[in-house]
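Below is one structure, written out as structure tokens; the observations come after it.
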Amino acid sequence: MNSENVIVRLNEVEKEFDGVKVVKKLSLDIKEGEFLTLLGPSGCGKTTTLRMIAGFSEATSGEIMLEGVDVSGLKPNERNVNTVFQNYALFPHMNVEDNIAFGLVEKKVPKAEIKERVSEMIKLVQLEGLEKRKPAQMSGGQKQRVAIARALINKPRVLLLDEPLGALDLKLRKQMQLELKHLQQKLGITFVYVTHDQEEALTMSDRIAVMHEGVMEQIGTPDEVYNHPKTKFVASFVGESNILESYVRSVDGDLLHIDLEAGKAALHAKGFGVEEMIYICVRPENVKLSETPVEHFSIRGKVIEHIFAGSVVKTEVELLTGQILKVASHPNDDHVEVGKRVYVHWRPKDAIIVHTVEEQIYNVIEQTTEKLYKEMEGVDEGED
Amino acid sequence: MKETEKTFLKKSRKIKNNPWSVVYACLVYIFLYMPIAVVIAFSFNTSRMNVVFEGFTFDWYISMWSNTLLMQAFKNTLIVAFVSTLLSTFLGTLCAVGLNRFEFKLKSLISTSLYIPIVIPELVFAIAMLILFTSVNISMNMATLIISHVTFSMPFVVITVRSRMAGFDKSIEEAAHDLGANELHTFTRVILPMIAPGVLSGAMLALTLSLDDVVVSFFTAGPDSQTLPLRILSMVKKGVSPDVNALSTLIIIGSVLLLVSTTLIQNKLEKEG
Ligand SMILES: Nc1ncnc2c1ncn2[C@@H]1O[C@H](COP(=O)(O)OP(=O)(O)O)[C@@H](O)[C@H]1O
Ligand SMILES: [Mg+2]
């Protein structure tokens, strides 16, 4: 990556609250003009990360660089970034115009220019006619637009958005997702966007950083994150997935023959040895059902139910081991009757290996030693 | 939904039409306002005695201005009320903002201890102030009186302002910082306008508390700083002269005007907020 167009750099950033690490060794380069999403379940440290970039809280360790400058110790108003808050945080006593103008008034921009730029912004976020409204007299979507305009008018290099659409209903949210994306493309401003909604992340982002318990597990384009999840968590959090435990039975070029509890299967992968234990992830839309056995596969199950969910049919198949497999197919496809026995298979290239057990054990060992180290340090201090 | 609304409307209309409810309401008002009406009536009484109404006169409204003791007490009351209201509103608002803003050790202890002047009996509080002042050899004067009034009225300001702030989203302050406002501007442009209605009601409370205080003033006022309530109290034995009624009537009119205007201002602030 060209370091010139990195606009935000996080280098091994950590944050502790009362001795509990909520962000762990986070390193991340955000490129100029990109739409980067921090995706993860509630409580994984997304807001905390955003607040450190904005300057509302200081990192416990590590460094944060904005436009190549270390910003530790700089106040929010000394950083060329602006934030759109989770609950809008509009000033309730000011009307739309005054809310939007707030930042420019602080910068002592001449009145005529403020007026012009505010009306430009109001046009940009389509709030014409509501200039004199107070926040209490507006809908959630409108308030959100004011919050975005209020931040954008300061021409920040980076706009930070913390679940900005979280409070809106589904339909409005979908519409605002597209609008925000278009706005970002039009203005070319870097967006750092926080959400726990994987669909939203996949729709809007140039790149997604998936966070889990304070750790960034993967960063990549929506395609990479969805189709090539690196860890079990990413595979299960982003999109629907079937995660299966298996052992390598034999290696045949880049075709790996594996044993699942429920039967034999195969996939494309390199660098694995016989007897190695691996987790594989297969997306529901890649699972195929047939009434006759398929080469390399011997997994059998029974169709439990079909759920028609508009554009897809979601099918549940119970394997002989009792495990439930999720299958998705097109409504126009032929569907095996409920209760019938089927053979399960997939194209070998459609299964992905996620986070092998060795790696997991390694992680556990690493974490435990770190903890032990800390405790030993604690004992030393106690003796002093 | 519509059904219940209709029946509700019907019911409320029924209550209005019920003659007993009107009688009841009248009785309540008579009970509340009779004493005030009596004071106003007797301020126009020609007799010196507040017992029978003999004839109508405006004399007391003229003679009260030459009653120097009464006028001096009235002046003291106004000075004390004005200064102590300003001080307690200022200190109380700062205190509330600080308590809302910062997290620190003993915070809950400090915020609970603010209630002490409110809950302990006024007499105990007054004697405590007296002991405090005498133990450091301060003789009672206007300043001790004002300090005492600030002490008992400030907690009320803190409470009203804090309750006003309780519902606020903390990120509003952060938004102001984010948009380039320093601490001072964040306070003057964002926080203060938002808490203004609370500050105003706090100030009104402080003002009324100070205006009609007897117990604390009795112990902490010096000979030169007797307030109107104390003056009237001392007149009770000899009989309260009708010019007190006249002055009281003026004070009642003043209070009503003040109440109406603050309500109007508050409504305006609420609409803006
Ligand atoms: N000011 C704070 N003090 C203590 N713990 C906090 C504070 N802010 C956040 N946390 C904790 O840090 C973790 C991550 O929080 P947060 O970054 O808000 O998560 P997210 O935005 O991903 O839902 C949570 O467990 C939360 O309880
Ligand atoms: Mg959050």
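Details
- As a calculated quantity, the FRET efficiency between residue B:41 and residue B:135 at R0 = 35 Å, using C-beta atoms, amounts to about 0.15.
- P(r) histogram, all alpha-carbon pairs of chain A included - 10 Å bins from 0, percent: 5, 19, 24, 21, 17, 10, 4, 0
- In summary, the aspartates and glutamates within cross-link reach of residue A:108, defined as a Cα separation below 19 angstrom excluding same-chain residues under 8 places away, comprise A:78, A:97, A:98, A:116, A:120, B:178, B:183.
- From phi via Karplus (6.51, -1.76, 1.60), per-residue ³J(HN,Hα) for region B:27-36 in Hz, x at Gly/Pro: 4, 4, 5, 4, 4, 6, 9, 3, x, 5
- The fraction of accessible area contributed by carbon and sulfur in region A:6-234 is 50 percent, rounded to a whole number (1.4 Å probe; ligands and nucleic acids excluded).
- If you plug the beta carbon distance of residue B:212 and residue B:107 into 1/(1 + (r/R0)^6) with R0 = 30 Å, you get a FRET efficiency near 0.35.
- Region B:68-240, accessible area per residue, ligands and nucleic acids excluded (1.4 Å, Å²): 49 Å²
- Derived scalar couplings between HN and Hα for region B:154-168 equal 4, x, 5, 5, 4, 5, 5, 5, 5, 5, 5, 7, 4, x, 6 Hz in order, rounded to whole Hz, by the Karplus curve 6.51 cos²θ - 1.76 cosθ + 1.60 (θ = phi - 60°), x for Gly and Pro.
- Among the listed pairs A:111/B:271; A:107/A:186; A:134/B:170; A:111/A:171; B:75/B:271, those beyond 30 Å (Cα-Cα): A:111/A:171; B:75/B:271
- Extent along principal axes [Cα atoms of region A:240-358; Å; largest to smallest]: 41, 24, 23
- Extension gain for residue A:112 to residue A:270 (0.36 nm times residue separation, less C-alpha to C-alpha distance): 50.4 nm.
- Taking amide H as placed 1.01 Å from N in the peptide plane, the amide H of residue A:242 sits under 5 Å from that of A:282, A:283, each at least 5 places away or on another chain.
- Point-to-point label distance, residue A:119-residue A:167, nm (Cα→Cβ direction, 7 Å offset): 3.0 nm
- Extending 7 Å from the Cα toward the beta-carbon at both residue B:124 and residue B:237 defines two label points whose distance is 3.0 nm.
- Computed log₁₀ I(q)/I(0) - Debye formula, equal Cα scatterers, no solvent, the protein assembly as shown, q 0.06, 0.10 Å⁻¹: -0.59, -1.08
- Shielding score for A:83-90, defined as the mean number of other chain Cβ atoms within 10 Å: 5
- Other protein chain C-beta atoms within 10 Å of residue C-beta, averaged over B:165-178: 6.
- Based on every Cα atom in region B:168-273, Rg and the maximum pairwise Cα distance Dmax equal 20.9, 67 Å.
- Long hydrophobic helices in chain A, taken as whole DSSP H segments with a C-alpha length of 15 Å or more on their own axis and mean Kyte-Doolittle hydropathy at least 0.0: A:96-106.
- B versus A: buried accessible surface, summed, Å² (probe 1.4 Å, to nearest 100): 1900 Å²
- By the equivalent-ellipsoid construction on the alpha carbon gyration tensor, region A:6-234 comes out with semi-axes of 30, 20, 16 Å, ordered largest to smallest.
The values are calculated or read from the model by the stated rules, or taken from the named source; none is laboratory data. Owing to the predicted nature of the structure, the values given are computational and were not obtained by experimental measurement. All Cβ positions, even for glycine, are placed from backbone atoms using ideal geometry, and neighbour counts span all protein chains on display. Ligands, DNA and RNA are stripped out before the accessible areas are found, and what is left, the full protein with its side chains, is counted by its heavy atoms. Shrake-Rupley method; radii C 1.70, N 1.55, O 1.52, S 1.80 Å.
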